[in-house]
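Visitor: After the structure tokens below, expect a handful of questions from me.
Computed from the coordinates by the stated procedures, all read-outs in this text should not be read as laboratory data. Note that the structure is a prediction, hence the values are computed from the model and not measured. Ideal geometry is used to build each Cβ from the backbone, glycine not excepted, and the neighbour counts take in all protein chains shown.
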Ligand code: ATP
């Protein structure tokens with residue numbers, strides 16, 4: 001498979017990632033408490049669940065920013081944390097923080113990250129992405145002068161600057177207007193038009209079902225619900241979430 005071989009030249013795997021018995025503790029608190037999750041390439045997975053369920057912690061572990069306390073995590077067949085530096089090249093991560101430089105312009109930020117990833121033509125990539133996220137007319141504006149939603153659009157562009165096969169998005173709709181939300185789906189394809197594997201968190205059942213093939217609900221650091229999106233409606237999913245919220 002083309003994407004898998006890009007990620008792990010020495011290991012053929014049909015799985016984007018495999019997680020077994022994942023525990024992440026913060027002091028006495030277990031943010032993740034024995035999570036098992038297998039995701040094949042090209043799947044779009046929405047992660048929902050009450051506040052504090054462990055959603056961000058899961059994304060941060062896959063993004064190699066947090067180490068597991070216990071359990072197995074393999075991305076494209078590569079082990080975390082031992083092979084984190086290889087995995088990092090192939091993962092795009094949108095966090096709650098934008099990771100943008102306030103004093104640089106929108107375009108300069110993307111060019112900076114393009115150089116960091118060793119891209120052949122950072123300015124060309126920056127201009128293409130600015131167009132994709134509707135920021136061409138703001139290319140020369142400093143980040144600190146952009147509204148929250150415009151910064152979120154730029155942060156989304158930054159997350160895919162290196163055209164990663166695996167994209168992790170933490171509440172990507174934050175601050176976006178309807179047009180911004182509509183462009184999210186376009187980021188789910190790489191530059192050749194091949195679908196990326198996407199894992200995104202949201203509190204919005206409608207958005208989850210609009211963008212995902214598969215819906216997972218986390219609660220108390222465990223997977224409590226795992227269904228194909230085609231089997232669900234927003235009201236059924238909302239009822240599942242209300243139930244888990246009450247038990248939180
Ligand atoms: P939300 O819907 O509120 O964004 P979440 O599902 O993303 O929540 P996490 O941010 O993963 O939840 O947090 C899971 C648990 O781990 C929470 O109880 C949280 O307080 C705790 N936690 C997360 N990060 C840290 C940290 N750096 N130090 C201590 N505790 C943490």
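Visitor: Express in whole angstrom the spacing between the alpha-carbon centres of segment 169-198 and segment 118-137.
Guide: 15 Å
Visitor: How would 101, 28 line up from fewest to most surrounding beta-carbon atoms within 10 angstrom? Show your work: numbers first, answer last.
Guide: On the way: 101 14, 28 5.
Exposure proxy ranking, most exposed first: 28, 101.
Visitor: Going by the alpha-carbon gyration tensor, a ≥ b ≥ c the square roots of its eigenvalues, is segment 116-248 rounded (a/c under 1.5) or, if a/c is not under 1.5, prolate (a/b greater than b/c) versus oblate? Don't skip to the end; give the middle numbers.
Guide: Numbers: a/c = 2.43, a/b = 1.87, b/c = 1.30.
Here segment 116-248 falls in the prolate category.
Visitor: Using the C-alpha atoms of the chain, what convex hull volume per residue, in cubic angstrom, is computed?
Guide: On the way: hull volume 31.5 nm³, N = 248.
With only Cα atoms used, the chain gives 127 Å³ per residue.
Visitor: Under 17 Å from a point 7 Å along the Cα-to-Cβ line of residue 101: which residues of segment 127-143 have their amide N that close?
Guide: 127, 139-143
Visitor: How large is the direction-averaged shadow of the alpha-carbon convex hull of segment 77-163, in nm²?
Guide: Values: hull surface 23.9 nm².
Here the figure is 6.0 nm², rounded to one decimal.
Visitor: Subtracting the Cα-Cα distance from 0.36 nm times the residue separation, let me have the gained length for residue 210 to residue 86 in nm, one decimal.
Guide: On the way: separation 124, 0.36 × 124 = 44.64 nm, distance 3.19 nm.
So the extension gain works out to 41.5 nm.
Visitor: Next question. Measuring from label point to label point, each 7 Å out along Cα→Cβ, what is the residue 191 to residue 14 span in nm?
Guide: Taking the simple label geometry, residue 191 and residue 14 are separated by 3.0 nm.
Visitor: Further question on the same structure: So if each residue of separation counts as 0.36 nm, and I subtract the Cα-Cα distance between residue 179 and residue 29, what length gain in nm does that give? Write down the numbers at each step before the final one.
Guide: Numbers: separation 150, 0.36 × 150 = 54.00 nm, distance 3.91 nm.
Length difference between fully extended and current span is 50.1 nm.
Visitor: Starting from 0.36 nm per residue, how many nanometres of slack lie between residue 144 and residue 238 once their C-alpha separation is accounted for?
Guide: Numbers: separation 94, 0.36 × 94 = 33.84 nm, distance 3.63 nm.
Contour length minus the Cα-Cα distance gives 30.2 nm.
Visitor: Suppose only helical runs count, i.e. DSSP H with n ≥ 4. What mean residue ellipticity at 222 nm does that imply for the chain under -39500 (n - 2.57) per run, divided by all residues and rounded to the nearest 500 deg cm²/dmol? Numbers along the way, then the final one.
Guide: Working: 9 runs with 81 residues, N = 248.
Rounded to the nearest 500, it is -9000 deg cm²/dmol.
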